[in-house]
Amino acid sequence: MLLGIGVASGSDVAGWLLGLTLLALGLTLLWARRRLRQWRTQVQAAPASDELGQLRVLQAQARALPRPERTALLGALQATAQALQVTGGEGTLTRDAFDARQAAREDLPELLAAARTPVDGAVQAQLALIETRMTAIAERGRAAQLRSARARTAYLQDKYAAGEEGDPAPPRR
């Protein structure tokens with residue numbers, strides 16, 4: 001307000017300061033808008049990326065395990081990563097997506113800690129159960145994606161291929 005009064009009274013310095021202040025305000029607002037947009041995309045992508053990051057950490061820690069437990073853990077980690085990737089694009093939290101996230105967040109870290117002191121193959125059996133479930137989730141997800149792609153292809157062929165025969169396709173409503 002003081003700069004506005006100074007400009008109204010004819011001060012050139014107040015005019016320059018008011019212009020610089022408005023420019024700085026505009027740049028700050030643009031910067032804040034961009035940061036907010038980046039933050040929103042990070043929040044939306046966070047669930048899948050957090051679990052995949054957790055799996056990478058577990059994979060690095062698995063190197064210290066004995067060979068049988070390490071092989072079982074790496075198989076479960078790979079199957080879980082595939083299940084997370086397949087279920088990551090879903091808009092809703094399905095049972096499969098929940099199971100994949102819980103395996104990455106809780107079950108596999110607990111089994112990694114238990115694998116350091118193995119007891120008669122119990123950890124390997126538990127890891128095999130997780131791997132089997134995650135493989136089934138990944139296969140179901142890939143099958144659903146394939147069905148969706150085929151349906152989209154059939155729709156586009158029906159929509160655009162009709163015009164190739166010389167007869168214009170009637171508009172759909």
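The values are calculated or read from the model by the stated rules, or taken from the named source; none is laboratory data. These figures come from a predicted structure and were not determined experimentally. Neighbour counts run over all protein chains shown; Cβ positions are idealised from the backbone, glycine included. Keep in mind that these areas ignore ligands, DNA and RNA; they rest on the heavy atoms of the full protein, side chains included. Shrake-Rupley method; radii C 1.70, N 1.55, O 1.52, S 1.80 Å.
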- Query: Has the range 13-29 got at least one residue that is modelled with pLDDT of 85 or more and within 14 Å of the chain's Cα centre (by Cα)?
  - Reply: no
- Message: Among the numbered criteria (1) touching a Ser or Thr at 6+ places or on another chain (Cβ under 7 Å); (2) part of a loop (DSSP other than H, G, I, E, B), which one does residue 120 miss?
- Response: (1)
- Which number in (1) touching a residue at least 12 places away in the same chain (Cβ under 8 Å); (2) exposed (fewer than 15 other Cβ atoms within 10 Å of the Cβ); (3) outside the structural domain of residue 116 (by the TED database) marks the one condition that residue 6 misses? (2)
- Item | Candidate set from the range 69-106 (those that are closer than 11 Å to residue 127 by Cβ and either under 15 Å from the mean Cα position of the chain (by Cα) or modelled with pLDDT under 90 (or both)); member that is surrounded by the fewest Cβ atoms within 10 Å (Cβ to Cβ) | 70
- Based on what the data block shows, is residue 133 farther than 20 Å from residue 71 by Cβ, without any contact (Cβ under 8 Å) to a residue 60 or more places away in the chain, assigned by the TED database to the domain that holds residue 54 and of a type in the set (Lys, Arg)? no
- If you check residue 14 against the conditions, is it loosely packed, with under 11 Cβ neighbours inside 10 Å and in a helix (DSSP H, G or I)? no
- Task: Return a yes/no flag: does the range 158-169 have any residue that is free of Cβ contacts under 8 Å to residues at least 24 places away in the same chain, of a type outside the set (D, E, K, R) and surrounded by 13 or more Cβ atoms within 10 Å (Cβ to Cβ).
- Result: yes
- Filter result (of a type outside the set (Val, Ile, Thr), open to solvent by 20 Å² or more (accessible area, probe 1.4 Å) and in a helix (DSSP H, G or I)) within the range 54-68: 54, 56, 59, 60, 61, 63, 64, 67, 68
- Query: Is there a residue being modelled with pLDDT of 85 or more, exposed (fewer than 12 other Cβ atoms within 10 Å of the Cβ) and among the polar types (S, T, N, Q) anywhere in the range 111-119?
  - Reply: no
